[in-house]
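Data first, discussion second: the structure below is written as structure tokens.
The values are calculated or read from the model by the stated rules, or taken from the named source; none is laboratory data. The model shown is predicted, which means the values in this text are computed figures rather than measured ones. With ideal geometry, Cβ positions are generated from the backbone for all residues, glycine too; neighbour counts draw on all protein chains shown.
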Amino acid sequence: MSDLTPSIRSALRSSTLLALVVGFGLSLAPASEVQAFGAPESFAELAEKISPSVVNITTSAMVAGPVDGMPMVPEGSPLGDLFNDFGGPGPGGPQRSEALGSGFVISEDGYIVTNNHVIEGADEIEIEFFSGQRLKAKLVGTDPKTDLALLKVESDKPLEFVSFGNSDLMRVGDWVMAMGNPLGQGFSVSAGIVSARGRELSGTYDDYLQTDAAINRGNSGGPLFNMDGQVIGVNTAILSPNGGSIGIGFSMASNVVAKVVDQLKQFGETRRGWLGVRIQDISPEIAESMGLSVASGAGDVITRFAGQEVSDAGDLTRRVADAPIGEAVPVIVLRDGKTETLQVTLGRREEAEAETMPASSPSPEAPKQLETLGMTLAPLDDAMRSQLGLDAATEGLMIVKIDQASEAFTKGLTEGDLITEAGQQKVVRLQDLEDRIKEAKDAGRKSILLLVRRGGDPRFVALSIQ
């Protein structure tokens, strides 16, 4: 398990607290009753049922140099794991090191799920079953974005396996059981409840269940079960000041895991949908600047995707990723105060992310400038386009200077940024921006919405105009 850094901890979503009443049939109001159910008499039958499908994973790799001072997190891992036990190189140079983790079998023909950071960088992977049987495994595919990996072993007889349950059905307070290889101690079971849902740590597709079931280093990649013996999460990280379990563990929800595993099994890689636009949440300031009554939706504003409402940018990102590539999907957007339904054919995210975008840099001051909203702006000219690597058709207003005490600076704008829209209308001339600001003031708006581009990456920023 990995200990979460303060930056990751600060990224955790706040959740509504659910007060549990201890007791049976305690009346909270004349017309309602709430019952709190005790723990099962025993978890023994469940543990016996699932044990044959849970595995210990041992990986080995060559360590090229001394590990003192080296980061314990594999390069590129979104969460990392602190349970790796690297041995220092001997006097003769590099030597082989081993690390431990957990996993579970999902098919009788030997497919096994674990965390990516458990097997990352390994050149040998060995699987140990509850019966004591050991088999070599090969890597089928990985997805660093969700920290998942799919392995395959060959067995002369069908293997016991477990199925995925529906993580969306899990409620805060439901009982769960974790099984794995904590601290290299071998097969071990712990039980607890779902403490929270929908946790985000650091990834684009994060959807973690939080649990107080004891999870420690070495539990990485192990399963979190519901009381029916179905996997509803993959144990990935813990929040801890000392490296041990303090009852705050995170398991990637099975509804995310199952989709990733299906793609890894079929293609050996992920193939996520790509909408081809940059998205961000609508803040209250942005909602006000657009005349929206509720700060919900994402993008143009995108209010529904494939027939389902969009709550925020993360929700839209996950829905798009799960949608089929190359097929038209209905998207409802709010544009210029009107609702439109678009048919959008999705591309593939992995291919889009492989493309490089030019980086921006501050441009020299242009002769004609405008000072407003704490910024000094100039129309984009050929010299600026050349410096920024933009094509001749690109238009907008360049920020050539910014007041560090301004709201624009505190919201992340900087010299070299390009403003291409104001009030959801294109701006090319300085007068265009002045006109948009006047229109917003005349309409009683307190802020104006700007579309700002940096290195090809667009985002919306609402700035006060009163």
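Could you list, in sequence order, all residues of region 332-341 that are of a type in the set (A, V, I, L, M, F, W, C) and in contact with a Lys or Arg (Cβ under 9 Å, 6 or more places away or on another chain)? Can you show your working first?
Within region 332-341, the subset of a type in the set (A, V, I, L, M, F, W, C) is 332-334.
Passing the criteria: Ile332, Val333.
Each residue in region 308-327 was checked for being surrounded by fewer than 19 Cβ atoms within 10 Å (Cβ to Cβ) and either farther than 22 Å from Ala258 by Cα or among the hydrophobic types (A, V, I, L, M, F, W, C) (or both), and 6 pass.
Against the test of being at pLDDT 85 or above and either within 30 Å of Arg318 (Cβ to Cβ) or not assigned by TED's automatic domain parsing to the domain that holds Thr317 (or both), the options Leu388, Leu377, Leu342, Leu346 yield a single qualifying residue, Leu377. Going residue by residue through region 68-86, is there one that turns out to be under 31 Å from the mean Cα position of the chain (by Cα), loosely packed, with under 14 Cβ neighbours inside 10 Å, among the aliphatic types (A, V, I, L, M) and modelled with pLDDT under 90? Within region 68-86 (the criterion being under 31 Å from the mean Cα position of the chain (by Cα), loosely packed, with under 14 Cβ neighbours inside 10 Å, among the aliphatic types (A, V, I, L, M) and modelled with pLDDT under 90), the answer is yes, since at least one residue qualifies. Has region 364-372 got any residue that is modelled with pLDDT under 85 and β-branched (Val, Ile, Thr)? So far as region 364-372 goes, no, none of its residues is modelled with pLDDT under 85 and β-branched (Val, Ile, Thr). Scanning region 141-160 for residues being outside any loop (DSSP other than H, G, I, E, B) and closer than 17 Å to Thr236 by Cα gives a total of 6.
Taking region 404-425 as the range and being surrounded by 13 or more Cβ atoms within 10 Å (Cβ to Cβ) and outside any loop (DSSP other than H, G, I, E, B) as the test, the residues that pass are Glu407, Ala408, Phe409, Leu418, Ile419, Thr420, Glu421, Ala422, Gln425.
Yes or no: Val194 in contact with a helix residue (DSSP H, G or I) (Cβ under 8 Å, 6 or more places away or on another chain), crowded, with 19+ Cβ neighbours inside 10 Å, within 22 Å of Ser42 (Cβ to Cβ) and at pLDDT 90 or above?
Considered against the rule, which asks whether it is in contact with a helix residue (DSSP H, G or I) (Cβ under 8 Å, 6 or more places away or on another chain), crowded, with 19+ Cβ neighbours inside 10 Å, within 22 Å of Ser42 (Cβ to Cβ) and at pLDDT 90 or above, Val194 comes out as no.
Taken together, the residues in region 431-447 that are surrounded by 17 or more Cβ atoms within 10 Å (Cβ to Cβ) and part of a helix (DSSP H, G or I) amount to 5.
For (1) within 27 Å of Leu334 (Cα to Cα); (2) in contact with an Asp or Glu (Cβ under 8 Å, 6 or more places away or on another chain), each residue gets a yes or a no:
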site: Thr376; (1), (2): no, yes
site: Asp391; (1), (2): no, no
site: Asp403; (1), (2): no, no
site: Pro458; (1), (2): yes, no
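When you look at Val118, is it buried (at least 23 other Cβ atoms within 10 Å of the Cβ), in a strand (DSSP E or B) and among the aliphatic types (A, V, I, L, M), yes or no? Considered against the rule, which asks whether it is buried (at least 23 other Cβ atoms within 10 Å of the Cβ), in a strand (DSSP E or B) and among the aliphatic types (A, V, I, L, M), Val118 comes out as no. The condition (being modelled with pLDDT under 95, assigned to a loop (DSSP other than H, G, I, E, B), of a type outside the set (D, E, K, R) and not assigned by TED's automatic domain parsing to the domain that holds Arg217) is satisfied by just one residue among Gly101, Gly132: Gly132.
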